[in-house]
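Here the structure comes first, spelled out in structure tokens, and everything after it is commentary.
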Amino acid sequence: MALFDMPIDELHAHRSRSVEPEDFDAFWSATLDEARTHDLDARFERCADLGLVTVDVHDVTFAGFGGHPVKGWFVVPAGATEPLPLVVEFIGYGGGRSLPHAHLLWASAGMAHFVMDTRGQGSGWAPGDTADPVGSGPSLAGFMTQGIEDPATYYYRRVITDAVRAVEAARSHPLADASRTAVFGASQGGGLALAAAGLIPDLTAVVADVPFLCDFPRATRITDRKPYREIGDYLKTHRGRAEQVNRTLAYFDGVHFAARGRAPALFSVALEDLTCPPSTVFAAYNAYAHAEKEIEVYDFNDHEGGGPFQHALQLERLPQMLKA
């Protein structure tokens, strides 16, 4: 797909038309307060006989939204005894936490790495182990419209709460240096990293690659590619509900979380990305509140973004960002 969105100079100036709800902060404060009435109950069980000699792996369970059990992996350099800089990773749409050997990068770079499983997903391209026990009203296949009738019931209220609790769980391990914490992810994972950036005041760094869940008013109209298209297909059937749906989505828009970002951030964007159109990524980047931010632009890439080239850049920048 050739370039289809705004020219680069317009992208750097683009601002979302998403209207922030007046009770945005109150909504999220109440949501997290309710989640914290449940014991975090973070359990780390050492995995043996994985055939991995350079890392130690723990199978993790913690209490997320509603006290529901959420799975994860905690991976550290083999034999680590002192607290390490912490990277908490969120996964792309449809994927699960997969198997431990899929997560060697950050531990190989000398960091503690926590990978959060995504409730109800984990059957699209990587296996997962976390159920979503909450039901939904009428919705389209996928996750974008589950509970979309109301912010209180929307699927991503649960997932974003899980993400905040995942950071709390990861920080509770003695090998994690809570004072040097980064959140990281690509696509859906990047959107969740931005949500965490807006809800957790003392992060050290934020890394969001081709982030999803940003600038919903534009994203749902500019691309025919799923997952955003799930919302359009829902509205095609449920005529007259656009205002109600847009009201719900405003509570989960990465643009509004970005406006509360209080840590240095590294973004990436791909100018031929039909899944997360570049203008939606720039909407979040341009709204990001912290002065120390940069965005790496990949001119001729689709949703794969920078791939290993972006990972190489992260290996260079993130250790610098996490220095005490």
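The values are calculated or read from the model by the stated rules, or taken from the named source; none is laboratory data. Just so we're clear, the structure is a prediction, and the values are computed from it rather than from any experiment. Virtual Cβ from ideal backbone geometry, glycine too; neighbours counted across all protein chains shown. Heads up: the accessible areas ignore ligands, DNA and RNA and are worked out on the full protein's heavy atoms, side chains in. Shrake-Rupley method; radii C 1.70, N 1.55, O 1.52, S 1.80 Å.
Report yes if GLY72 is open to solvent by less than 10 Å² (accessible area, probe 1.4 Å) and touching a strand residue (DSSP E or B) at 6+ places or on another chain (Cβ under 9 Å), otherwise no. Criteria met by GLY72.
Scanning the range 188-206 for residues being farther than 18 Å from GLY110 by Cβ, open to solvent by 10 Å² or more (accessible area, probe 1.4 Å) and in contact with a strand residue (DSSP E or B) (Cβ under 7 Å, 6 or more places away or on another chain) gives a total of 1. Flag: THR204 matches the condition of being more than 19 Å from SER16 (Cβ to Cβ), in contact with a Lys or Arg (Cβ under 7 Å, 6 or more places away or on another chain) and of a type in the set (S, T, N, Q).
In the condition set (1) farther than 21 Å from GLU82 by Cβ; (2) open to solvent by 10 Å² or more (accessible area, probe 1.4 Å), ARG171 is compliant with all but (1). Screening the range 275-292 for residues that are open to solvent by 10 Å² or more (accessible area, probe 1.4 Å) and among the hydrophobic types (A, V, I, L, M, F, W, C) and picking the one that is farthest from ALA219 (Cα to Cα) gives ALA291. Consider GLY240 carefully, then state whether it is within 23 Å of ASP273 (Cβ to Cβ) and either open to solvent by 10 Å² or more (accessible area, probe 1.4 Å) or in contact with a helix residue (DSSP H, G or I) (Cβ under 7 Å, 6 or more places away or on another chain) (or both). So GLY240 fails the test.
Only one of the numbered conditions (1) over 24 Å from GLU45 (Cα atoms); (2) assigned to a loop (DSSP other than H, G, I, E, B) is not met by ALA126, and that is (1). For the range 59-80, what are the residues that are free of Cβ contacts under 8 Å to residues at least 40 places away in the same chain and farther than 29 Å from GLU304 by Cα? Matches in the range 59-80: THR61, GLY67, ALA78, GLY79. Residues of the range 152-161 include none that is at pLDDT 95 or above, crowded, with 24+ Cβ neighbours inside 10 Å, of a type in the set (S, T, N, Q) and in a loop (DSSP other than H, G, I, E, B). Name the pairs: first residue in the range 301-324 and over 19 Å from SER187 (Cβ atoms), second residue of a type in the set (Gly, Ala, Ser) and crowded, with 19+ Cβ neighbours inside 10 Å, Cβ to Cβ under 8 Å, at least 6 apart or on different chains? Partner pairs satisfying both residue conditions: MET321/ALA182; MET321/ALA205; LEU322/ALA182; LEU322/ALA205. From the list ALA250, ALA263, the lone residue that is more than 27 Å from GLY147 (Cα to Cα), within 17 Å of the chain's Cα centre (by Cα) and open to solvent by less than 30 Å² (accessible area, probe 1.4 Å) is ALA263. ARG218 - would you say it is open to solvent by 10 Å² or more (accessible area, probe 1.4 Å), part of a helix (DSSP H, G or I) and touching a residue at least 60 places away in the same chain (Cβ under 8 Å)? Considered against the rule, which asks whether it is open to solvent by 10 Å² or more (accessible area, probe 1.4 Å), part of a helix (DSSP H, G or I) and touching a residue at least 60 places away in the same chain (Cβ under 8 Å), ARG218 comes out as yes. Is there a residue being in a strand (DSSP E or B) and either open to solvent by 70 Å² or more (accessible area, probe 1.4 Å) or free of Cβ contacts under 8 Å to residues at least 12 places away in the same chain (or both) anywhere in the range 44-58? Scanning the range 44-58 turns up at least one residue that is in a strand (DSSP E or B) and either open to solvent by 70 Å² or more (accessible area, probe 1.4 Å) or free of Cβ contacts under 8 Å to residues at least 12 places away in the same chain (or both). Please verify whether VAL115 is outside any loop (DSSP other than H, G, I, E, B) and either over 25 Å from LYS323 (Cβ atoms) or under 21 Å from the mean Cα position of the chain (by Cα) (or both), treating the condition exactly as stated. Here the answer is yes, as VAL115 does meet what is asked. Given the criteria open to solvent by less than 10 Å² (accessible area, probe 1.4 Å), free of Cβ contacts under 8 Å to residues at least 60 places away in the same chain and either assigned to a loop (DSSP other than H, G, I, E, B) or farther than 27 Å from ASP39 by Cα (or both), does LEU235 qualify? No: the conditions fail for LEU235.
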